[in-house]
Number of protein chains: 2
Amino acid sequence: MTCHTAPVNTAARRPARNRPAPTLEEVAARAGVSRATASRVLRGDQKVSERAREVVLAAAQEISYVPNLAARTLVTGRSESVAFLVEESEERMFADPFFLGMLRSAQEAVATAGQQLVFTVMNRPEDQERFLAYAAGGHVDGVLLLSLHGRDQLPQRLESLGVPTVLSGRPLSGGRRLWYVDADNVGGGELATRHLLDSGRAHVATVTGPLDMCAGQDRLAGYRAAVEAAGRPYDEGLVSVGDFTAAGGHAATVRLLDERPDVDAIFAASDLAAFGVVRALRESGRSVGDDVAVIGFDDVPAAADQQPPLSTVKQPIAALGTAMTRLLLDRIEGRPGLTRRTILPVELVLRETA
Amino acid sequence: MTCHTAPVNTAARRPARNRPAPTLEEVAARAGVSRATASRVLRGDQKVSERAREVVLAAAQEISYVPNLAARTLVTGRSESVAFLVEESEERMFADPFFLGMLRSAQEAVATAGQQLVFTVMNRPEDQERFLAYAAGGHVDGVLLLSLHGRDQLPQRLESLGVPTVLSGRPLSGGRRLWYVDADNVGGGELATRHLLDSGRAHVATVTGPLDMCAGQDRLAGYRAAVEAAGRPYDEGLVSVGDFTAAGGHAATVRLLDERPDVDAIFAASDLAAFGVVRALRESGRSVGDDVAVIGFDDVPAAADQQPPLSTVKQPIAALGTAMTRLLLDRIEGRPGLTRRTILPVELVLRETA
DNA sequence: CCCGGTTGTGAGAGCGCTCTCACGAGCGGT
DNA sequence: ACCGCTCGTGAGAGCGCTCTCACAACCGGG
């Protein structure tokens, strides 16, 4: 025990455990006004006299009054908090800087708006019902949903229960009715592939993301578009399916190299995948950048720290998180004139691998 | 637009926006029972006939009834959710694998208990009042508090408002009354330092953590204890103050090397700091492991991936997060026989830097 | 046939707050 | 003196749920 011992507790106002919390009623009584007036003061309502304001504030202070949020939520229908839901395993969520970046910017944006973030990661499908009950139960005013796979109907179900939902990434299904914020995945895929093509690479392959996600599909579509725009045939043998993870990128590359040892450039659909690609390339004795050029996608912080530094398509992660949060908050407030889809531009960051 | 277009929305039960959500009253009416009975069924209460159960469940299903959580919270006084609060900047929170690991295990433990996690990171002190109002307002049943600095009275204030709080790390003040879960920091510091001493190092220095945190103080205390146990004088010139970050560790090492170029071993109070130490050592032309041995603290995942792999004191991060969450949940439930402090053991992991 | 005991159910009283509405006080213009 | 204002205030009705309590229905044992 090296720490100094505690000074006397400064503010043991309500020492007794389980003493019932003071209510607005008590504040009002103490201040000699009605509950209504006390409420008005505490909420910062305009129509109160200066005298009432002072006396109520003093009374509230004296008894350490804190308004009961459940009661307030019950009547107003607003909880002043939103959910941040990632449909991945904890493992993946915490290993992926993209999710972490989104969580960070969402948390910042929500806090700036004076609200709270309820953070949930859902691995098992049976959790979905529980989450649905939670969200529709009014403990959050809306949902930020990340990593939607396949034809999952969760966003539709949330919306139909009256819970505003904003997705990160265009959904595979229901895109017309749902709200989402996304990066220009097709454009990014094109950008990266075109660069590889233009720098004289003969066999430009791609390690894709999961194809049950739009981001995976779109980046592949961008790759294809660039290949065809260059007047080359789209060769399925140069497409190896990964899953956005390093392990997936590694495995996909091993398979690819096995079939097509002549590959001299790889566009990986995520930085994490690119890390796996680089490792597999090295293990096969190829030099990264020289023998085989590599471009990733995302521009996670670790990309710049790699040896050699990874060239990549920079996704505006913070802007994406902020935009989705703002959009959700605006929807909750009922702001008019909002658009369902927001696409943010990406840019090519050339470092040493391409 | 490469994605397939949406199939018809499967379950557009409640299409109209802002249609008032169905209430228990409606379920009861539809089922031909009282609100009380409907409530019993929906909560899974024992005392209901099979017939009542069926009919209520069917009615609820038909109208997509979801219980209003605010109303439930108002009467039960339980929100079934806890807050996870980190008193750091977003920058630090998201750069530190320790916090991320704690968040992950807390989220897992909370989800396992069927509850929700409200995630907050507080940079500015003025946020404290807002958080206090939020927590004491009953939107969470308790608080998990990380990275308490100095004599911050937040935990005391939370407790005095009736909000059970569990800290990660022993608080500098108020330790007798507060609840916390911690790793054996003193023991870990001793372990690392003794190993350095025993392997024949002549000038064993330490790069500390912030000394306004118990973890920083305790690891330093462990260092000192080991030095003195070895019969050597405690030399303040070998102590350089850092702050648990890589930048801090780097700066502290530069200062240290400047004063004491003869140093041949460094115990860094965190892995992040150790990364900074290693970089500074390299920049000074020294070889890590040979010229200067280094041991970190935490065993974050990146430690094993370093070149060379970092020796470190392994802190059971997941166990720490789980333990703190369980403790909080048990306190909320009012389980008897709980102890205020839990200290988890650490272990020395020798890799290549020492 | 009556009685204490169980069992399922419903009536009704809140939980602590917000919000609508009506009202009295104070004002200046006719 | 009257009217029509605005302005601050209080009474009271809920928000949707849980929980206590009383009660009716039914049980088997004396």
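The values are calculated or read from the model by the stated rules, or taken from the named source; none is laboratory data. What you see is a predicted model; the values in this text were computed from it and never measured. Backbone-built Cβ (ideal geometry, glycine too); neighbour counts: all protein chains shown. Just the protein is used for accessible areas: all its heavy atoms, side chains included, with ligands, DNA and RNA removed. Shrake-Rupley method; radii C 1.70, N 1.55, O 1.52, S 1.80 Å.
On a 0 to 90° scale, report how tilted helix A:97-112 is relative to the longest principal axis of chain A, with both axes built from alpha carbons and the result rounded to the nearest 10.
The angle comes out near 30 degrees.
Rounding to the nearest 10 and keeping the result within 0 to 90°, find how far the Cα-based axis of helix A:271-283 lies from the longest principal axis of chain A.
In chain A, helix A:271-283 runs at an angle near 40 degrees to the longest axis.
Stick to the Cα atoms of the range A:55-174, pair each with every other, and give me the Kirkwood hydrodynamic radius in Å at one decimal.
One over the average 1/r among Cα pairs gives 15.9 Å for the range A:55-174.
Might you work out the accessible area of B:Arg326 for me, using a 1.4 Å probe with all protein chains in place, and round it to the nearest 10 Å²?
Ignoring ligands and nucleic acids, B:Arg326 comes out at about 90 Å².
Roughly how tilted is helix A:317-333, in degrees to the nearest 10 and between 0 and 90, from the longest Cα axis of chain A?
So the helix axis and the longest Cα principal axis differ by about 40 degrees.
Taking 8 Å as the Cα distance limit and 6 or more residues as the minimum spacing, I'd like the relative contact order of chain A as a percentage.
Reported as a whole number, the value is 15 percent.
How big is chain B by the Kirkwood estimate over distinct Cα pairs, in Å?
23.3 Å
Could you please put B:Thr112, B:Thr342 in sequence from largest to smallest accessible area, using a 1.4 Å probe?
B:Thr112, B:Thr342
With springs only between Cα atoms under 10 Å, which of A:Leu100, A:Leu148, A:Leu167 fluctuates most in a Gaussian network model of chain A?
Ranking A:Leu100, A:Leu148, A:Leu167 by mean-square fluctuation puts A:Leu100 first.
Can you tell me the relative contact order of the range A:18-92? Whole percent, Cα pairs under 8 Å, sequence separation 6 or more.
For the range A:18-92, the relative contact order is 29 percent.
Classify the range B:185-315 as rounded, prolate or oblate from the Cα gyration tensor: take a ≥ b ≥ c as the square roots of its eigenvalues, call it rounded if a/c is under 1.5, otherwise prolate when a/b beats b/c and oblate if not.
It is rounded, given that a/c, with a ≥ b ≥ c, falls under 1.5.
Please tell me the relative contact order of the range B:185-315 in percent, rounded to the nearest whole number, where contacts are Cα pairs under 8 Å and at least six residues apart.
Answer for the range B:185-315 is 24 percent.
How many nanometers, to one decimal and shortest first, lie between the label point of B:Ala58 and those of its other copies, if labels sit 7 Å from Cα toward Cβ?
6.3
So what's the net charge close to A:Ala202: Lys and Arg +1, Asp and Glu -1, counting the other residues with Cβ under 13 Å from its Cβ?
-2
Mean-square fluctuation check for chain B, GNM, Cα pairs under 10 Å: which of B:Asp243, B:Asp152, B:Asp299 is largest?
Evaluated over chain B, the most mobile residue of the options is B:Asp152.
Once phi is turned into ³J(HN,Hα) by the Karplus curve 6.51 cos²θ - 1.76 cosθ + 1.60 with θ = phi - 60°, what whole-Hz value does each residue of the range B:334-345 show in order, with x for glycine and proline?
x, 4, x, x, 8, 10, 5, 10, 10, 10, 9, x
Highest first, please rank the peptides A:75-83, A:122-130 by the mean number of other Cβ atoms sitting within 10 Å of their residues.
Ranked by mean Cβ neighbours within 10 Å, highest first: A:75-83, A:122-130.
Rg to Rh for the protein assembly as shown: what is it, with Cα atoms only and Rh by Kirkwood?
When Rh is taken as the Kirkwood radius, the ratio is 1.01.
Which ³J(HN,Hα) values in Hz, rounded to whole numbers, follow from the phi angles of the range A:151-167 under the Karplus curve 6.51 cos²θ - 1.76 cosθ + 1.60, where θ = phi - 60° and Gly and Pro get x?
With coefficients 6.51, -1.76 and 1.60, one gets 9, 3, 8, 3, x, 4, 5, 4, 4, 6, 8, x, 9, x, 9, 10, 9 Hz.
What's the center-to-center distance, using Cα atoms, between the range A:81-106 and the range B:256-275 in Å?
Centre-to-centre distance over Cα atoms comes out at 35 Å.
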